[in-house]
Amino acid sequence: MANRITPRSQDQNQWYLDVIREAQLADYGPVRGTMVIRPYGFAIWERIKESLDEKFKATGHSNAYFPMLIPMSFLEKEKEHVEGFSPELAVVTIGGGKELEEPLVVRPTSETIINHMFAKWIQSYRDLPLLINQWANVVRWELRTKPFLRTLEFLWQEGHTAHATPEEAEEETLRMLDVYATFAHEVAAVPVVQGVKTEREKFAGAVRSYTIEALLADGKALQSGTSHNLGQNFAKAFETQFLNEDNELEHPWQTSWGLSTRFVGAVIMTHGDDKGLRLPPRLAPIQLVVVPIWRNDDQRDLVLTAANEIAEELGAAAGGPGLRVHVDDRQQRPGFKFNEWEMRGVPLRLEVGPRDVASGSVVLARRDTGDKATIERADLAAEASRLLEEIQEGLLAQALAFREANTRPALDRDSFQAALDQGGFVRVHWDGSSEDEASIQAETGATVRCLPFQTDEESGVCFYTGRATQTIALFAKAY
RNA sequence: CGGGGCGUGGCGCAGCCAGGCAGCGCGUGGCGUUUGGGACGCCGAGGUCGGAGGUUCAAAUCCUCUCGCCCCGACCA
């Protein structure tokens, strides 16, 4: 059987598309740029949802749902917002066979309709903070698409909050950015750089945008999640006001923050290898797959009984929530199953055959390194948990090492170009303007991904303007 | 929108240049042998060749028009 996955070294892009097809994560929809998320791909998204949703609720947010159709006039209320989004809007002009009086926008994001409602719900400082999250689909008519990383329609969550003071809003913005960064590192094992967007790169309508930027294996950066301080921009546009403790009318300070199915693409790109997907255990829908091995019906009964017992034990492992285990009892040969589950990135494979049942042991194989070992049944639960932790840490360490190896400094325009040509982040001192950013993008294709949060001050000279500055910027070509 | 590529059983493709029985691999159904790294054999099912028009005795193949998709750029989570 020929290898169905193009090696990464040969063609990174083809590899990515092959993995999505072979791991059955997604398929193309009938409309250009749309994607069907298949059950296994959706299971990964569901893991992302579960993990984030828990964190949102722990930080006081409630889920709600707002309509997908938004009056065009809403978008037009905030000037920067409409300018930013109008080129990529899908607009409904006919409903029930009749031309609509006002065109309806299929939401590209929900700040406008949510503010329309917030204006009704917020009257007093006692109504604040208002902390809402929505799980939804949005549509942006992108010119160039790629499964998960950029599709016309995508799934995401968008948090929308309103606060009585600008300090509270800023605190919320940073809190949620940290939630994203923690999730990326601890669950998805995707290292991200936290930082602030430049004026040129910020969200249309925001005062300030923060981002978590990942570096994908092809050397391009990916904005993997964003958190915006909206100031009073939308509150003013939608006349959202509250009476403060001094009985004065004020506009609330707002935030919005989002993370999308794009993140699934980041996971694929960050951890995959030539055999396919490698999923970090905390994110994996299936953490351990049991492949029973038999030669005849008697053995089949024996081995399947053992396999199911093992699955039950691990699924209810004492002292923890249990592992996510799947028994693959399909009528396929073991080798077929081994390959399939490797393509799909399941972190641990457990083989159990007649020999193992007789000896009271099993074979455990890890996806990340390919190592196989025979384990006593009695030690299985502990060993599986230990290996999963090790794999989780290992994947993060590998990804971090890759990012470090592909983050290069540059002191001037020549070394900037040279660093950029190698792919990855280029770390520079930066004191340029939006116009400078535009020039650099036109000349090199690179953009400022973010101004990373800094713990130490680093004096230096802007690589582009030559002016002294302490600001650091990460440049890269981006998705 | 510019550049490139491609539309032929479910999927991947050959056939087109040079018109003449619609093929191959994978998958798929049945039976048998198999099963610790993508099994093999035998039998079978499955295609208005993207669409429309034209040339011709004859079109997947030549001509015209058209629709769509993929990839690479500009724009973007």
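No lab work stands behind these numbers, since they all come straight from the coordinates. Computed from a prediction, not measured in an experiment: that's the story for all the values here. Ideal geometry is used to build each Cβ from the backbone, glycine not excepted, and the neighbour counts take in all protein chains shown.
Details
- In Hz, Karplus ³J(HN,Hα) per residue of the range A:266-273 (6.51, -1.76, 1.60; θ = phi - 60°; x = Gly, Pro): 5, 5, 4, 5, 6, 10, x, 9
- When the alpha-carbon atoms of chain A are used, the pair Rg, Dmax equals 25.1, 82 angstrom.
- Virtual spin-label span in nm between A:Arg386 and A:Ser62, 7 Å along Cα→Cβ: 4.7 nm
- The range A:409-476 - share of DSSP beta bridges that are antiparallel (%, nearest 5): 90 percent
- Neighbourhood charge, 12 Å Cβ-Cβ cut-off, centred on A:Gln299 and excluding it, Lys, Arg +1 and Asp, Glu -1: -1
- Placing unit charges on each Cβ (+1 for Lys and Arg, -1 for Asp and Glu) gives chain A a dipole about its Cα centre, and among A:Ser110, A:Ser51, A:Phe336 the Cα reaching farthest toward its positive end belongs to A:Phe336.
- Coordinate range of the alpha-carbon atoms in the range A:288-390 per principal axis, descending: 36, 28, 21 Å.
- Local electrostatic count, A:Glu50, Cβ distance below 15 Å [Lys/Arg +1, Asp/Glu -1]: +2
- Net charge dipole size for the range A:378-461 [Lys, Arg +1 and Asp, Glu -1 on Cβ; Debye, nearest 20]: 200 debye
- Our note on the geometry: Cα centres of the range A:191-249 and the range A:282-312, 48 Å apart.
- Cα-centred dipole magnitude for the range A:12-271, charges only on beta-carbon of K, R (+1) and D, E (-1), debye, nearest 20: 920 debye
- Residue-count net charge about A:Ala382 - beta-carbon cut-off 13 Å; Lys, Arg +1, Asp, Glu -1: -4
- With an a/c value of 1.5 or above and a/b not larger than b/c for the gyration tensor axes a ≥ b ≥ c computed over the alpha-carbon atoms, the range A:12-271 is described as oblate.
- √(5λ) per eigenvalue of the Cα gyration tensor, the range A:94-191, largest first, Å: 29, 25, 9
- Modelled spin labels at A:Ser415 and A:Thr165, positioned 7 Å past Cα toward Cβ, are 4.4 nm from each other.
- Pairs of C-alpha atoms in the range A:409-476 farther apart than 18 Å represent 26 percent of all such pairs.
- Those trypsin sites (Lys or Arg not before Pro) in the range A:374-479 that DSSP places in a loop and that have at most 16 other beta carbons within 10 Å: A:Arg467
- Sorted by Cβ neighbour density within 10 Å, fewest at the top, the residues A:Met343, A:Met68, A:Met176, A:Met269: A:Met68, A:Met343, A:Met269, A:Met176
- Over all Cα atoms in the range A:1-100, the spread is summed up by Rg and Dmax: 20.0, 59 Å.
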